[in-house]
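To keep things clear, I will list the structure first and then write my remarks on it.
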Amino acid sequence: MNFSKWNFLMTIFGIFTLVSDFGVDLWIAVKYFQQGLHVCSLLTIFFIIISNVIINVFSYAWFKDDCSEGNTRKLRWVCFIHVLMAGTFLRYWYAVKCGYRAAMSPHSEEDVTKTNKKAVDAMTDLSMLRCFKTFLESTPQLILQIYILMEHGQITLLQYASIIISVSSISWSTVDYHMSLRSSLEHKKEISFGFPAFTYVLYKLLTLTSWILSLVFLLACNVYIFAAFLSILWILGLCWAWKQNTEFCTKMRLEILYRIVVAVILVFTFFNVKGQRTRIPISVYYTFRVLATIGILILCFFVKDSLNHNLITIFSIALVLALGLGIMSLILYYFLFHPTLHSKDQNQDAVDGHVERIRSHYFLNQ
């Protein structure tokens, strides 16, 4: 992939979205507190904190892995910035610097490959961190927002807009991550723009939307069942990540944290944990998703008297339509448009251990 001027501009845009996203999160937390929803306000802040801590831990670990020996002073400053929870801003600064050199600055042909690789790798690292943030912070917050709408009805027009934007943002973040990762892997063909990319966006948008609504229904029915259900899903995801023997991190302690995060992501959407063939795992995953959704809707039917009937009806219709169209988009994408269908290279994403370790080869794939 060549790091283009468009990629550079999107990186700049990412800085503004990062700041605005943080501002909106704080605004929502304050709004909940003013409405008397103190627990929801604290949960929102908790999601922000835990997400940023994990992101900064991984960001620093990657800087440390990439830092050359003898550069201790620079690494100390990097560590200090991450302790201040500003690692993402440092990542963006580094991506902008590398991106400017790759897209804007003239350089000799000898440096083209090296400069371009640095920019693409920086963009891919950022994309991975955004993916973590999406499922550690944005998705739980979205579930909380919709739950408040359904349970309390205390929501403003701006919060309605925030919900719609959040759904789109979560889906796009997942798609952007997948496209960035494929772009960074030389042995992987990129998703074609047009109908293939559109189908993939629909698949992620609709399946995520339907599942988020299902989880909100379950939360509205019974908090304890919701907590138990998510715990079971998380444990299953953790067992799957452990069974796959992921090799994302250079140290086992970080690898354990990575598997914990992967398990959280698998609660909400499917990812190829280790770059292997996914036909059977993805079929099992979405078959379970359909059965679980049906079970949740049946449960809601029996306790619907305690819920807002009009909202339940609207959300139920939206859920069923989203799930059906999402599964159809999934089938279309994997049977007609997946890049491997039009590529002679069918290798797995994981690289052999005898070559130079490249972090992006070990990222979650699709």
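What follows draws every value from the coordinates through simple rules; no lab data is involved. None of the values given here were measured: they were computed from a predicted structure. Because the Cβ atoms are built from the backbone with ideal geometry, glycine has one as well, and the counts that use them run over all protein chains shown.
Going 7 Å from the Cα of Lys64 along its beta-carbon direction, which residues of the stretch 222-258 have the amide nitrogen within less than 14 Å of the resulting point?
Under cut-off, by backbone N: 249-258.
Counting Lys +1, Arg +1, Asp -1, Glu -1, what net charge surrounds Ile165 among other residues with beta carbon under 14 Å of its beta carbon?
-2
Could you go through the stretch 257-269 in sequence order and give the Karplus-derived ³J(HN,Hα) for each residue, using 6.51 cos²θ - 1.76 cosθ + 1.60 with θ = phi - 60°, rounded to whole Hz, and x for Gly and Pro?
Couplings: 4, 4, 5, 5, 5, 4, 4, 5, 4, 5, 4, 9, 7 Hz.
Which pairs break 21 Å Cα to Cα here: Lys64/Lys243; Lys97/Lys117; Lys5/Lys117?
Lys64/Lys243
Quick one: which residues, 5+ away or cross-chain, put their amide H under 5 Å from the amide H of Asn272? H built at 1.01 Å from N.
Asn365, Gln366
³J(HN,Hα) across the stretch 72-86 via Karplus (A = 6.51, B = -1.76, C = 1.60, θ = phi - 60°), whole Hz, x for Gly/Pro?
5, 4, 4, 5, 5, 5, 4, 4, 4, 5, 6, 4, 7, 6, 10
Can you give me the C-alpha center-to-center distance between the stretch 245-300 and the stretch 51-103, rounded to a whole angstrom?
The two parts, judged by their Cα centres, are 28 Å apart.
Taking the simple approach of a point 7 Å from Cα along Cα-to-Cβ for both Trp27 and Phe335, what is their distance in nm?
Taking the two extended label points, one gets 4.4 nm.
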